[in-house]
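One structure is given here, and the rest of the page talks about it.
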Amino acid sequence: MDHFHSEHNELCCESVPLTAIARALGTPTYVYSSAALAANYLAYAEALAGTDHLICYAVKANSNIAVLNQLARLGAGFDIVSGGELARVLAAGGDPARVVFSGVGKSTAEMAEALRAGIHCFNVESAAELERLDRVAGELGLRAPVSLRVNPDIDAGTHPYIATGLAENKFGLPIGEARACYARARAMRHIDIRGVDCHIGSQLTALAPFEAALQRVLLLIAELRADGVPLRHLDLGGGLGVRYGDENPPPPADYVAALRRHTDTLGLCLLIEPGRSIAASAGVLLTRVEYLKENQSRHFAIVDAAMNDLLRPALYQAWMAIEPVTPRHDAPERRYDVVGPVCETGDFLGRGRSLRLAAGDLLCVRGAGAYGFTMSSNYNSRPRAAEVMVAGDRFHVVRDRETTADLLRGERPLPGS
């Protein structure tokens, strides 16, 4: 079910017209559907019913506290990659005992913070990190729960910036070195081995790479069990893609079924870390057309959202659907480049889009619930967008629009000027 749908020639989120949100709050504004978030999460929970599991939502996809709070209420765990994300999970009512901490560059302070909070597991990505974690846990008089993230050298077939499972990537331990590293971990006084972790990338639209990586991890698990390494869980990361345009990714039920064919007999808790597939389709970005402009043969729709608000098109050359909130028929259809006001040629939301437009029209960028606001910035000293959560026929502001005063807070001129 699409929770963004047209009623009376006007695009709505659940039962709220998007024009009403734009009228109340202005633009650019991110709008999230509470019902869509719940449905996307529950698709995983239902597919995993009957097996020991933990769904750890990848906070980096969308870290708004209201989003995290809704998922926590549904029973989600969380995959974090920073101390700041841990703070957000705790502020949202998340259970630290259902948190896994990933990422290649965990600081001493972040390790200590997570240990004190009592998180479920650290996904350790290097021997150096393992040694640091053993030392930090010892200084606190604690034992650190650990999975080693292994790199299976599998081509995920995704954009190179979001591929994480190749030997050339910075992530994880080479799978051939994992056995020796587990032996080192067993000898450490302040390390508690919990399992094995693997994640090969994001926006995967086929099951074959997941299964190829899993086959290599299963061989490692057999070796570790032969070595007597105690394992309690298998963490297979996230990465399931979504449909932005013509992609045809498998649904969560098919993805989980493919994993369970190999994992149900292992006697291990199965952890997964979906992010994009929960949040992307649950959000849109609203933006208004400021000007229409023609340069020779090109037509530009200059909107008030920019690459600082939504970076994916500029960074990944990502295609995201753009549509008028209230379609019009009194303007000629043209192929527009939808661009923002930032002083970069790379500042675009979409190129070559067939649209009927006039200045002042409200546009909706679909699939913006993941890696939208979380990747936004203040480039060109632009305040970041407001965020709204819709529940039924009501909407709630879950992050105020930044102001110019917010941008200047904490800065000061040189003394004596």
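From 409, 401, 394, which residue is over 23 Å from the mean Cα position of the chain (by Cα) and either within 18 Å of residue 286 (Cα to Cα) or surrounded by 15 or more Cβ atoms within 10 Å (Cβ to Cβ) (or both)?
Answer to the selection: 394.
Collect the residues in segment 345-385 that are in contact with a Leu (Cβ under 9 Å, 6 or more places away or on another chain), under 25 Å from residue 243 (Cα atoms) and not in a loop (DSSP other than H, G, I, E, B), keeping them in residue-number order.
349, 355, 362, 363, 364, 365, 373, 375, listed by residue number.
For segment 219-263, enumerate the residues that are surrounded by 16 or more Cβ atoms within 10 Å (Cβ to Cβ) and farther than 19 Å from residue 53 by Cα.
220, 224, 229, 241, 242, 244, 249, 250, listed by residue number.
Looking at segment 193-224, which of the residues that are assigned to a helix (DSSP H, G or I) and farther than 13 Å from residue 236 by Cα is nearest to the chain's Cα centre (by Cα)?
208
Mind checking which residues of segment 137-150 are surrounded by fewer than 21 Cβ atoms within 10 Å (Cβ to Cβ) and either assigned to a helix (DSSP H, G or I) or hydroxyl-bearing (Ser, Thr, Tyr) (or both)?
Listed by number, the residues that qualify are 138, 139, 140.
Kindly evaluate residue 37 against the criterion of being out of contact with any Phe, Trp or Tyr (no Cβ under 7 Å at 6 or more places or on another chain), surrounded by 18 or more Cβ atoms within 10 Å (Cβ to Cβ), touching a residue at least 60 places away in the same chain (Cβ under 8 Å) and more than 22 Å from residue 271 (Cα to Cα).
no
Within segment 199-218, restricting attention to residues that are in contact with a Gly (Cβ under 9 Å, 6 or more places away or on another chain) and under 14 Å from residue 261 (Cβ atoms), which residue is surrounded by the fewest Cβ atoms within 10 Å (Cβ to Cβ)?
The selected residue is 208.
Tally time: how many residues in segment 109-125 are under 23 Å from residue 178 (Cα atoms) and part of a helix (DSSP H, G or I)?
Qualifying residue count for the region: 1.
Name the single residue, out of those in segment 3-19 being touching a residue at least 60 places away in the same chain (Cβ under 8 Å) and assigned to a loop (DSSP other than H, G, I, E, B), that is farthest from residue 368 (Cα to Cα).
Looking at residues that are touching a residue at least 60 places away in the same chain (Cβ under 8 Å) and assigned to a loop (DSSP other than H, G, I, E, B), I get 9.
What single numbered condition from (1) closer than 15 Å to residue 28 by Cα; (2) touching a Cys at 6+ places or on another chain (Cβ under 9 Å); (3) of a type outside the set (Val, Ile, Thr) fails to hold for residue 372?
(2)
Consider residue 352 carefully, then state whether it is closer than 13 Å to residue 312 by Cβ, among the small types (Gly, Ala, Ser) and under 31 Å from the mean Cα position of the chain (by Cα).
No, not satisfied.
Determine if segment 60-78 includes at least one residue that is free of Cβ contacts under 8 Å to residues at least 60 places away in the same chain, more than 17 Å from residue 37 (Cβ to Cβ) and not assigned by TED's automatic domain parsing to the domain that holds residue 375.
Checking segment 60-78: not a single residue is free of Cβ contacts under 8 Å to residues at least 60 places away in the same chain, more than 17 Å from residue 37 (Cβ to Cβ) and not assigned by TED's automatic domain parsing to the domain that holds residue 375.
Here's the yes/no breakdown for (1) touching an Asp or Glu at 6+ places or on another chain (Cβ under 8 Å); (2) of a type in the set (D, E, K, R):
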residue	(1), (2)
39	no, no
44	no, no
52	no, yes
58	yes, no
72	yes, no
86	yes, no
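In segment 79-119, which residues are touching a Lys or Arg at 6+ places or on another chain (Cβ under 6 Å) and at pLDDT 95 or above?
81
Say we look at segment 168-192 and pick out the residues that are outside any helix (DSSP H, G or I) and surrounded by 21 or more Cβ atoms within 10 Å (Cβ to Cβ); which of these is farthest from the chain's Cα centre (by Cα)?
Residue satisfying both the conditions and the ranking: 191.
Go through segment 267-313 residue by residue and tally those that are aliphatic (A, V, I, L, M) and modelled with pLDDT under 95.
0
The values are calculated or read from the model by the stated rules, or taken from the named source; none is laboratory data. The structure presented is a predicted model; accordingly, all values stated were derived computationally and were not measured. So basically every Cβ, Gly included, is an ideal-geometry build from the backbone, and we count neighbours across all protein chains shown.
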